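No value in this document is a laboratory result; all are computed from the given coordinates. Note that the coordinates shown come from a computational prediction; the quantities given were computed from them, not determined experimentally. Glycine also receives a Cβ, built like all others from the backbone with ideal geometry; neighbour counts cover every protein chain displayed.
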Amino acid sequence: MDVTFMLLSDKDVEELVKFLTTNSFPYHRITAPSEELVRRLIVDGRFEADGVCTYWVYGDNQRLGLAIVERLGTRCPVFDLRLVEEVRGQGTGVPVLQALTSLVFTEHPEAHRFAGRTREDNIAMRKTFLRSGFLKEAHYREDWLLEDGGRIASVTYAVLRRDWEQGSPTEFSWEDVE
């Protein structure tokens, strides 16, 4: 799949509101954002600010979703990826994440690592991370606050620039102390 990215522009406000309010995001902190919330986030700079770029994601001649990259200009940018419901579960995440990683490392030479996180029960995204060359780096117990007030672990994955350049992740041992 040929994946491309288009920077979000001021002209995209209505499309952004429509995208975020007509798709469900069951593994995000806010699973079904309201129009009011999305408009407030736009004004507050969630999608466009210093160190933040938001891209529409395209592939196979259709819009696949939205990628928000934050902490640009630092050694470790992070991302939030939201795919349209229709393409989830079809393997679309791997080429999208690989292309996003290439975009970040190509356009931001200061970036040493590129990271993302998800809930521990988001098995599809966790597999996407691994298939895209990312390694699990952290497992934070009871870190993710659920809408019902409960908590679940969050898991962080990252790829190093050198691993991206070499095309294979640097392995490490989780249990290094006995």
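Which of the residues spanning segment 10-29 are assigned to a loop (DSSP other than H, G, I, E, B) and either more than 19 Å from the chain's Cα centre (by Cα) or touching a residue at least 12 places away in the same chain (Cβ under 8 Å) (or both)?
Matches in segment 10-29: Asn23, Ser24, Phe25, Tyr27, His28, Arg29.
For segment 124-155, which positions are surrounded by fewer than 17 Cβ atoms within 10 Å (Cβ to Cβ) and within 25 Å of Phe5 (Cα to Cα)?
Residues satisfying the conditions are Ala124, Lys127, Leu130, Arg131, Leu135.
Can you find a residue in segment 46-69 that is touching a residue at least 24 places away in the same chain (Cβ under 8 Å), in contact with an Asp or Glu (Cβ under 9 Å, 6 or more places away or on another chain), β-branched (Val, Ile, Thr) and surrounded by fewer than 15 Cβ atoms within 10 Å (Cβ to Cβ)?
No, every residue in segment 46-69 fails to be touching a residue at least 24 places away in the same chain (Cβ under 8 Å), in contact with an Asp or Glu (Cβ under 9 Å, 6 or more places away or on another chain), β-branched (Val, Ile, Thr) and surrounded by fewer than 15 Cβ atoms within 10 Å (Cβ to Cβ).
Evaluate the following for Pro33: is it closer than 27 Å to Gly149 by Cβ, under 16 Å from the mean Cα position of the chain (by Cα) and part of a loop (DSSP other than H, G, I, E, B)?
For Pro33, the condition - closer than 27 Å to Gly149 by Cβ, under 16 Å from the mean Cα position of the chain (by Cα) and part of a loop (DSSP other than H, G, I, E, B) - is not met.
Where residues in segment 1-37 are touching a Gly at 6+ places or on another chain (Cβ under 7 Å) and among the aliphatic types (A, V, I, L, M), which of them is surrounded by the fewest Cβ atoms within 10 Å (Cβ to Cβ)?
Met1
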